[in-house]
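The values are calculated or read from the model by the stated rules, or taken from the named source; none is laboratory data. Remember, predicted model here, so these are calculated numbers, not experimental data. Cβ sites come from the backbone with ideal geometry, for glycine too, and all protein chains shown count toward neighbours.
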Amino acid sequence: MNEYILRVENLQKSYDSTNSHSIFKKKKKFNAVNDISFEVNRGEIVGLIGESGCGKTTVGKIVTNLIEADSGNIIFEGKNIAKLSKKDLKSTKGKIQMIFQDPSSALNPQMKINRILKEALFSINITNKEDQENIIDKYITKVGLTKSYLSRYPHELSGGQKQRICILLALLTNPSFIVADEVVSALDLSVQAQILNLLKSLQEELNLSMLFISHNLSIVYYMSNRIIVMYMGEIVESGDCEEIYNNCKHPYTKLLLSSVLSLEDDSSIEEEPNEENNIKENNNVCVFFDRCPHKMPICSEKKPENIVINDRHTIKCHFGGEI
Ligand SMILES: Nc1ncnc2c1ncn2[C@@H]1O[C@H](COP(=O)(O)OP(=O)(O)OP(=O)(O)O)[C@@H](O)[C@H]1O
Ligand SMILES: [Mg+2]
């Protein structure tokens, strides 16, 4: 049996709906993340896919402890970090790191790269100058750059080089888990493959575990061992990469896949979910009801349970996808 490094149980996060801020109306809440559970094994890359606004970043930020969930458990390396006090959380500081979509906004434009990296080391109590330089020397080559980049300002680097520095920043704290959130979306197509390959080789070399977030199924397929498909705050299907690609069951996953196969034509999934829909989703209705081509009366009467298709393949559909 594989050992999991991270297990998320029944995660819930709601926000105030932006459409109901009038003083005459009672603020409505919508579930950005609704009863989400999954595991990531040690050394595994799990891809998290779903269209814009479905809650991927919210899940990533909760796991990294950048925002707090309303409820649920996050078991990381045997500890429930969702329930730890601030003081106890210090022991896991830096063990989970997040890399974001836009490397420009993650780097202080006023500081040279060398100073940005040294300040990051200082913040984790590595204060000795020689130690700092040794660590930076070690990692700068790992991310495919040379020391000459250290004396540059962020604006003197290309998008890909900036993202390499962001990856380096994430590695400085010696993490065992990385949340990579749309890390190539802001980059030129030609640079995307280089950054993905860098992440893959670092993951293997450092035995990192990773939650790899993207709205692009081809990229998630290339990077991941397993795929989780989200729709409007819920996991609708999950399974091994090949299984999802060749034998997906949920109508939404099929839609995602067909849009990839039709030469990246997103027309079939252009209608984005919105918060009003998410509010409705609090009722006993399947989250995909409005857009499902196979909906039946029961789909608007009862929320589907998670159906286990096999060991590693689950789906949230009343018909187990056999429609
Ligand atoms: N701080 C916040 N306050 C209110 N609503 C928020 C907040 N953060 C996110 N949301 C809303 O929660 C929902 C999920 O957002 P999230 O950023 O997790 O989606 P996403 O799947 O990462 O989307 P994208 O692919 O566009 O990055 C969206 O409707 C978003 O508008
Ligand atoms: Mg996002």
Practice item. Being over 14 Å from residue 11 (Cβ atoms), surrounded by fewer than 16 Cβ atoms within 10 Å (Cβ to Cβ) and within 16 Å of ligand 1 (Cβ to nearest atom) is the filter here, so list the residues in the stretch 67-101 that pass it. Key: none
Practice item. Could you grab the pairs with beta carbons closer than 6 Å, sequence gap of 6+ or different chains, first residue in the stretch 191-211 and of a type in the set (Gly, Ala, Ser), second one in a helix (DSSP H, G or I)? Key: none
Exercise for review: Look at the stretch 232-254 and say how many of its residues are surrounded by fewer than 19 Cβ atoms within 10 Å (Cβ to Cβ) and over 20 Å from residue 212 (Cβ atoms).
Suggested key: 2
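Filter the stretch 32-49 down to residues that are under 18 Å from residue 237 (Cβ atoms) and in contact with a Phe, Trp or Tyr (Cβ under 6 Å, 6 or more places away or on another chain) and give me whichever is nearest to ligand 2 (Cβ to nearest atom).
Initial filter on the stretch 32-49 (under 18 Å from residue 237 (Cβ atoms)): 33-40, 44-49.
Subset that is in contact with a Phe, Trp or Tyr (Cβ under 6 Å, 6 or more places away or on another chain): 39, 45, 47.
Details: 39: 21, 45: 18, 47: 14 Å.
Out of the qualifying residues, it is 47.
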Exercise for review: Would you please list the contacts, defined by Cβ atoms under 6 Å and residues six or more apart or on different chains, that run from a residue in the stretch 91-102 that is of a type in the set (S, T, N, Q) to a residue that is part of a loop (DSSP other than H, G, I, E, B)?
Suggested key: 92/81; 97/175; 101/182; 101/185; 101/186
Point to revise | Evaluation of residue 45 against (1) touching a Cys at 6+ places or on another chain (Cβ under 8 Å); (2) of a type in the set (A, V, I, L, M, F, W, C); (3) at pLDDT 95 or above (one fails), failing number | key: (1)
Point to revise | Meets criteria (in contact (Cβ under 8 Å) with a residue 12 or more places away in the chain, over 22 Å from residue 6 (Cβ atoms) and of a type in the set (Asp, Glu)) for residue 181 | key: no
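Taking the stretch 31-64, which residues are over 22 Å from residue 200 (Cα atoms) and in contact with a helix residue (DSSP H, G or I) (Cβ under 7 Å, 6 or more places away or on another chain)? Before the answer, list the steps.
Here is the first cut: in the stretch 31-64, the ones over 22 Å from residue 200 (Cα atoms) are 31-37, 51-55, 58, 62.
Matches in the stretch 31-64: 31, 32, 33, 36, 51.
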